[in-house]
Amino acid sequence: MSSIFALSLVLLVIMISVGHQQGWTSFISMWLNFGALILLLTLITWHLPPLVLTIIFSILVLSITIFMGSDNIKATVPAFYASLLTVSVTMILVIITTHLAMAYGFGMEDSDDLQGMSVAFGINYIQVSIAITTMATLGAIAEASIAISSGMQEVLQKHPDLRPSPLFITGMHIGHQIIGTALNTLFFGFFGGLLSLFTWFAGLHYSPSMIINNQIMVNELDEVLISFIGVLISVPFTAWITCIYSKHQSINS
C-alpha cells in the first residue's frame, strides 16, 4: 500500500465520520477535480488552446467544487455565479500581470535538468502560465463565495423579510470575517510550498534583490496575490448576486 493511498483512505474515513454523506460527496469531488486538472494538462500537451481550455475547465471545476461541496441549492447557485464573475475579472488581471512580470517558462534553476533536452515543442508558455495561475485561484474563490452565500442564507432563514440592502451589508460583514483567514491560508500555503527553495537561496547566499526577482518566486507571488485579490472581489460579488437571487426567489414564491 503506497503512502498516498493510505493517506487517501485515512482522509476518506475522517471525512465520512465527520461529514457523513456530505463528506463522501466532498471526497469524490476532490478526486474529480484532480482528474479534471490532469485532463487539462493532457489537452494542453496536445496543443489545444490553453486559454479556451482554462475557461472550460474553470467552469467545470467550480461546478464540481460548489455543487458537490454543499447540498443547499439556495446557497450554491448564487455562489457559483459569483465565482464565475470573480474568475472572469481575475483572469483579466492574470493576463495583464503575466505579460508584465515575464515570469513564465523555465527558470535559471532548471537549466541543469533541461540541459540537452529540447524545450521547443510548440506550447505557448505565456498562455500556460495564465492557465496555471487562473486555476490556482479557483479553490480560494469558491471557498469564499460558498461561505458568504451560506451565511446569508442562514440569516434569511431567521429573517425571511429582510430587505436586499441590509442583506447585502450582512454579506459584506460575513466577508470581512473570512478575509483574514483566507489571507493567512494563502500566505502559509505559499511559504510552505517554497520552504525548500528558501533554504536553497539561503545556502547559496542569494541577496534580497536576487530573491525578489527570482523567476520562480515572482511567479508564486503572482499566484498568491491574484488569489487574494480574487477573494476580496468575491465578497461584494457574492453578496450582490445572493441578494438578487434571494429577491428573485421571493418574487417567484
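List of remarks:
- Residue in region 2-11 that is open to solvent by less than 60 Å² (accessible area, probe 1.4 Å), in a helix (DSSP H, G or I) and in contact with a helix residue (DSSP H, G or I) (Cβ under 6 Å, 6 or more places away or on another chain) present: no
- Test result for LEU53, open to solvent by 30 Å² or more (accessible area, probe 1.4 Å), in a helix (DSSP H, G or I), modelled with pLDDT of 90 or more and touching a helix residue (DSSP H, G or I) at 6+ places or on another chain (Cβ under 6 Å): no
- Close pairs from region 22-49: first within 16 Å of LEU12 (Cα to Cα), partner open to solvent by less than 70 Å² (accessible area, probe 1.4 Å) and of a type in the set (Asp, Glu), Cβ under 7 Å, at least 6 apart: none
- Selection count where residues are of a type in the set (A, V, I, L, M, F, W, C) and over 13 Å from the mean Cα position of the chain (by Cα), scope region 210-232: 7
- Meets criteria (surrounded by fewer than 19 Cβ atoms within 10 Å (Cβ to Cβ) and in a loop (DSSP other than H, G, I, E, B)) for HIS47: yes
- Inter-residue pairs, beta-carbon under 6 Å, first more than 13 Å from GLU143 (Cα to Cα) and in region 171-186, second surrounded by fewer than 16 Cβ atoms within 10 Å (Cβ to Cβ), 6+ apart: none
- Candidates LEU232, LEU221, LEU186, LEU225, filtered to the one that is touching a Phe, Trp or Tyr at 6+ places or on another chain (Cβ under 7 Å) and closer than 29 Å to LEU40 by Cβ: LEU186
- Meets criteria (of a type in the set (Ser, Thr, Tyr), without any contact (Cβ under 8 Å) to a residue 24 or more places away in the chain, assigned to a helix (DSSP H, G or I) and open to solvent by 70 Å² or more (accessible area, probe 1.4 Å)) for SER17: yes
The values are calculated or read from the model by the stated rules, or taken from the named source; none is laboratory data. Model, not experiment: these values are computed from the prediction. Note that each Cβ is placed from the backbone with ideal geometry, even for glycine, and that neighbours are counted across all protein chains shown. Calculation scope for accessible area: heavy atoms of the full protein, side chains included, ligands and nucleic acids excluded. Shrake-Rupley method; radii C 1.70, N 1.55, O 1.52, S 1.80 Å.
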